[in-house]
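Have a look at the structure below, then the notes.
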Amino acid sequence: MEPPETPAGDTQSVDSVRYHKLLSVLDRSLSAVVDTFKLEDLSTVFPDLAREIPAKLADSHEQISTYIRNSANSDFQAILMQYEMAEKLASLDGLVKEAAERKLASEERPIPSLSPESINRNRSVAIKRAELARLKARLEQVKEENSQQLAKLSDQRAALATEHEHLQNTISLVDSL
(Lines give C-alpha, C1' and ligand atoms only; values in the text may rest on other atoms or scores of the structure.)
Protein backbone atom coordinates (compact mmCIF):
# COMPACT_ATOMS: atom_id res chain seq x y z
CA MET A 1 0.00 0.00 0.00
CA GLU A 2 1.38 3.42 -0.88
CA PRO A 3 1.15 6.61 1.15
CA PRO A 4 -1.84 8.78 0.21
CA GLU A 5 -1.60 11.40 -2.49
CA THR A 6 -2.29 15.05 -1.95
CA PRO A 7 -4.82 16.83 -4.18
CA ALA A 8 -1.93 18.00 -6.39
CA GLY A 9 -0.92 14.37 -6.92
CA ASP A 10 2.21 14.51 -4.78
CA THR A 11 2.82 11.62 -2.43
CA GLN A 12 2.91 12.63 1.23
CA SER A 13 5.86 11.59 3.30
CA VAL A 14 4.42 10.24 6.52
CA ASP A 15 6.80 9.38 9.34
CA SER A 16 4.13 7.81 11.54
CA VAL A 17 5.02 4.34 12.72
CA ARG A 18 1.38 3.61 13.38
CA TYR A 19 0.37 4.74 9.89
CA HIS A 20 2.95 2.49 8.25
CA LYS A 21 1.81 -0.37 10.47
CA LEU A 22 -1.81 0.29 9.42
CA LEU A 23 -0.79 0.25 5.76
CA SER A 24 1.07 -3.00 6.34
CA VAL A 25 -1.94 -4.62 8.01
CA LEU A 26 -4.26 -3.43 5.23
CA ASP A 27 -1.85 -4.76 2.59
CA ARG A 28 -1.54 -8.15 4.31
CA SER A 29 -5.30 -8.37 4.68
CA LEU A 30 -5.83 -7.50 1.04
CA SER A 31 -3.18 -10.03 -0.02
CA ALA A 32 -4.85 -12.71 2.08
CA VAL A 33 -8.18 -12.02 0.38
CA VAL A 34 -6.75 -11.94 -3.13
CA ASP A 35 -4.67 -15.07 -2.48
CA THR A 36 -7.82 -17.02 -1.66
CA PHE A 37 -9.02 -16.43 -5.24
CA LYS A 38 -7.23 -19.27 -7.01
CA LEU A 39 -7.14 -20.28 -10.65
CA GLU A 40 -8.27 -23.77 -9.67
CA ASP A 41 -11.45 -22.34 -8.15
CA LEU A 42 -12.10 -20.34 -11.29
CA SER A 43 -11.53 -23.50 -13.36
CA THR A 44 -14.16 -25.38 -11.35
CA VAL A 45 -16.66 -22.57 -11.94
CA PHE A 46 -15.90 -22.45 -15.69
CA PRO A 47 -14.81 -26.01 -16.58
CA ASP A 48 -15.48 -25.58 -20.33
CA LEU A 49 -13.23 -22.52 -20.55
CA ALA A 50 -10.57 -24.29 -18.51
CA ARG A 51 -10.50 -27.16 -21.03
CA GLU A 52 -10.83 -25.14 -24.24
CA ILE A 53 -8.77 -22.01 -23.57
CA PRO A 54 -6.79 -22.38 -20.32
CA ALA A 55 -4.40 -19.55 -21.20
CA LYS A 56 -7.27 -17.05 -21.53
CA LEU A 57 -8.76 -18.28 -18.25
CA ALA A 58 -5.37 -17.79 -16.56
CA ASP A 59 -5.14 -14.27 -18.03
CA SER A 60 -8.69 -13.54 -16.85
CA HIS A 61 -7.81 -14.80 -13.39
CA GLU A 62 -4.80 -12.49 -13.30
CA GLN A 63 -6.89 -9.53 -14.50
CA ILE A 64 -9.61 -10.21 -11.92
CA SER A 65 -7.03 -10.53 -9.12
CA THR A 66 -5.36 -7.28 -10.20
CA TYR A 67 -8.73 -5.52 -10.42
CA ILE A 68 -9.76 -6.70 -6.94
CA ARG A 69 -6.40 -5.65 -5.48
CA ASN A 70 -6.42 -2.21 -7.20
CA SER A 71 -10.08 -1.56 -6.43
CA ALA A 72 -9.75 -2.44 -2.76
CA ASN A 73 -6.48 -0.53 -2.52
CA SER A 74 -8.07 2.62 -3.94
CA ASP A 75 -11.04 2.17 -1.57
CA PHE A 76 -8.63 1.87 1.36
CA GLN A 77 -6.78 4.99 0.21
CA ALA A 78 -10.05 6.92 -0.10
CA ILE A 79 -11.04 5.90 3.43
CA LEU A 80 -7.60 6.82 4.78
CA MET A 81 -7.83 10.24 3.16
CA GLN A 82 -11.47 10.78 4.16
CA TYR A 83 -10.68 10.17 7.81
CA GLU A 84 -7.27 11.89 7.61
CA MET A 85 -5.61 8.85 9.09
CA ALA A 86 -2.05 9.90 8.19
CA GLU A 87 -2.37 13.17 10.07
CA LYS A 88 -4.24 11.67 13.00
CA LEU A 89 -1.80 8.81 13.46
CA ALA A 90 1.17 11.18 13.11
CA SER A 91 -0.44 13.35 15.79
CA LEU A 92 -0.93 10.29 17.97
CA ASP A 93 2.72 9.35 17.51
CA GLY A 94 3.65 12.87 18.60
CA LEU A 95 1.44 12.64 21.69
CA VAL A 96 2.92 9.28 22.65
CA LYS A 97 6.46 10.60 22.17
CA GLU A 98 5.64 13.72 24.19
CA ALA A 99 4.13 11.62 26.99
CA ALA A 100 7.22 9.39 27.06
CA GLU A 101 9.46 12.47 27.26
CA ARG A 102 7.35 13.92 30.07
CA LYS A 103 7.52 10.63 31.92
CA LEU A 104 11.31 10.60 31.68
CA ALA A 105 11.62 14.26 32.68
CA SER A 106 9.07 14.04 35.47
CA GLU A 107 10.21 14.07 39.06
CA GLU A 108 6.87 12.78 40.23
CA ARG A 109 6.73 9.16 41.05
CA PRO A 110 4.08 7.29 39.13
CA ILE A 111 1.16 5.88 41.00
CA PRO A 112 1.97 2.25 41.68
CA SER A 113 -0.22 -0.10 39.78
CA LEU A 114 -2.55 -2.21 41.82
CA SER A 115 -2.09 -5.92 41.86
CA PRO A 116 -4.97 -8.14 40.77
CA GLU A 117 -5.19 -9.43 44.34
CA SER A 118 -5.69 -5.96 45.78
CA ILE A 119 -8.23 -5.08 43.11
CA ASN A 120 -10.18 -8.25 43.88
CA ARG A 121 -9.87 -7.63 47.62
CA ASN A 122 -11.26 -4.10 47.19
CA ARG A 123 -14.14 -5.41 45.14
CA SER A 124 -14.83 -8.22 47.56
CA VAL A 125 -14.77 -5.81 50.52
CA ALA A 126 -17.45 -3.69 48.86
CA ILE A 127 -19.48 -6.78 47.98
CA LYS A 128 -19.12 -8.13 51.52
CA ARG A 129 -20.18 -4.80 53.03
CA ALA A 130 -23.28 -4.73 50.85
CA GLU A 131 -24.04 -8.34 51.80
CA LEU A 132 -23.51 -7.52 55.48
CA ALA A 133 -25.93 -4.59 55.25
CA ARG A 134 -28.49 -6.82 53.51
CA LEU A 135 -28.06 -9.53 56.15
CA LYS A 136 -28.40 -7.01 59.01
CA ALA A 137 -31.63 -5.71 57.51
CA ARG A 138 -32.89 -9.28 57.15
CA LEU A 139 -31.88 -10.01 60.76
CA GLU A 140 -33.87 -7.00 61.98
CA GLN A 141 -36.85 -8.18 59.93
CA VAL A 142 -36.60 -11.70 61.42
CA LYS A 143 -36.26 -10.27 64.94
CA GLU A 144 -39.42 -8.22 64.41
CA GLU A 145 -41.29 -11.25 63.08
CA ASN A 146 -40.05 -13.31 66.05
CA SER A 147 -41.21 -10.61 68.49
CA GLN A 148 -44.65 -10.63 66.88
CA GLN A 149 -44.82 -14.43 66.99
CA LEU A 150 -43.66 -14.49 70.64
CA ALA A 151 -46.33 -11.97 71.56
CA LYS A 152 -48.92 -14.06 69.76
CA LEU A 153 -47.66 -17.21 71.50
CA SER A 154 -47.76 -15.44 74.86
CA ASP A 155 -51.38 -14.38 74.22
CA GLN A 156 -52.27 -17.96 73.23
CA ARG A 157 -50.60 -19.33 76.39
CA ALA A 158 -52.53 -16.85 78.52
CA ALA A 159 -55.76 -17.88 76.77
CA LEU A 160 -54.90 -21.56 77.30
CA ALA A 161 -54.08 -20.93 80.95
CA THR A 162 -57.44 -19.19 81.38
CA GLU A 163 -59.22 -22.06 79.61
CA HIS A 164 -57.26 -24.60 81.69
CA GLU A 165 -58.21 -22.85 84.90
CA HIS A 166 -61.82 -22.68 83.77
CA LEU A 167 -61.78 -26.42 82.98
CA GLN A 168 -60.19 -27.18 86.35
CA ASN A 169 -62.93 -25.22 88.06
CA THR A 170 -65.57 -27.04 86.03
CA ILE A 171 -64.04 -30.43 86.89
CA SER A 172 -63.88 -29.51 90.61
CA LEU A 173 -67.47 -28.47 90.50
CA VAL A 174 -68.50 -31.71 88.80
CA ASP A 175 -66.49 -33.76 91.30
CA SER A 176 -68.15 -31.98 94.23
CA LEU A 177 -71.61 -32.86 93.01
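Any residue at all in the range 93-102 that's touching a residue at least 12 places away in the same chain (Cβ under 8 Å) and either open to solvent by 50 Å² or more (accessible area, probe 1.4 Å) or among the hydrophobic types (A, V, I, L, M, F, W, C) (or both)?
So the first thing to find is which residues in the range 93-102 are touching a residue at least 12 places away in the same chain (Cβ under 8 Å), and the list is 93.
Checking the rest, the ones that are also either open to solvent by 50 Å² or more (accessible area, probe 1.4 Å) or among the hydrophobic types (A, V, I, L, M, F, W, C) (or both) come to none.
No, every residue in the range 93-102 fails to be touching a residue at least 12 places away in the same chain (Cβ under 8 Å) and either open to solvent by 50 Å² or more (accessible area, probe 1.4 Å) or among the hydrophobic types (A, V, I, L, M, F, W, C) (or both).
Quick check, is Ala90 modelled with pLDDT under 95, in contact with a Pro (Cβ under 8 Å, 6 or more places away or on another chain) and in a helix (DSSP H, G or I)? Give the derivation first.
On the way: modelled with pLDDT under 95: yes; in contact with a Pro (Cβ under 8 Å, 6 or more places away or on another chain): no; in a helix (DSSP H, G or I): yes.
Judged against the criteria, Ala90 is not a match.
So, of the residues in the range 46-69 that are free of Cβ contacts under 8 Å to residues at least 12 places away in the same chain and under 15 Å from Val33 (Cβ atoms), which turns out to be least open to solvent (accessible area, probe 1.4 Å)?
From the range 46-69, those free of Cβ contacts under 8 Å to residues at least 12 places away in the same chain are 46-56, 59, 62-63, 66-67; that's our starting set.
With the extra rule that they be under 15 Å from Val33 (Cβ atoms), the set shrinks to 66-67.
Numbers: Thr66: 59, Tyr67: 155 Å².
Step by step, filter the range 46-69, then rank; the result is Thr66.
Does Val142 satisfy the criteria of being assigned to a helix (DSSP H, G or I), of a type in the set (Val, Ile, Thr) and modelled with pLDDT of 95 or more? Even if it seems obvious, please write down each step before you answer.
Values: assigned to a helix (DSSP H, G or I): yes; of a type in the set (Val, Ile, Thr): yes; modelled with pLDDT of 95 or more: yes.
So Val142 fits the description; yes.
Condition first: part of a helix (DSSP H, G or I), closer than 30 Å to Leu23 by Cα and not small (Gly, Ala, Ser). Can you find one or more residues in the range 103-110 that meet it? Give the steps one after another, and end with the answer.
Restricting attention to the range 103-110, the residues satisfying the condition of being part of a helix (DSSP H, G or I) are 103-105.
Those left that are additionally closer than 30 Å to Leu23 by Cα: 103.
Keeping just the survivors that are not small (Gly, Ala, Ser) gives 103.
Looking for residues that are part of a helix (DSSP H, G or I), closer than 30 Å to Leu23 by Cα and not small (Gly, Ala, Ser), one finds at least one in the range 103-110, hence yes.
Under 7 Å by Cβ, and 6 or more places apart or on different chains, what pairs join a residue from the range 70-88 that is touching a residue at least 12 places away in the same chain (Cβ under 8 Å) and more than 23 Å from Ala32 (Cβ to Cβ) with one that is surrounded by 12 or more Cβ atoms within 10 Å (Cβ to Cβ) and of a type in the set (A, V, I, L, M, F, W, C)?
Correct list of pairs: Ala86/Val14; Ala86/Leu80.
Restricting attention to the range 11-45, and to residues there that are of a type in the set (A, V, I, L, M, F, W, C) and part of a loop (DSSP other than H, G, I, E, B), which single residue is least open to solvent (accessible area, probe 1.4 Å)?
Of the residues in the range 11-45, the ones of a type in the set (A, V, I, L, M, F, W, C) are 14, 17, 22-23, 25-26, 30, 32-34, 37, 39, 42, 45.
Now drop any that are not part of a loop (DSSP other than H, G, I, E, B), which leaves 14, 37.
Numbers: Val14: 18, Phe37: 58 Å².
Taking the candidates together, the pick is Val14.
The values are calculated or read from the model by the stated rules, or taken from the named source; none is laboratory data. Values in this document were obtained by computation on a predicted structure and should not be read as measured data. Neighbour counts run over all protein chains shown; Cβ positions are idealised from the backbone, glycine included. Quick note on the areas: whole protein, heavy atoms, side chains included, nothing else; ligands and nucleic acids left out. Shrake-Rupley method; radii C 1.70, N 1.55, O 1.52, S 1.80 Å.
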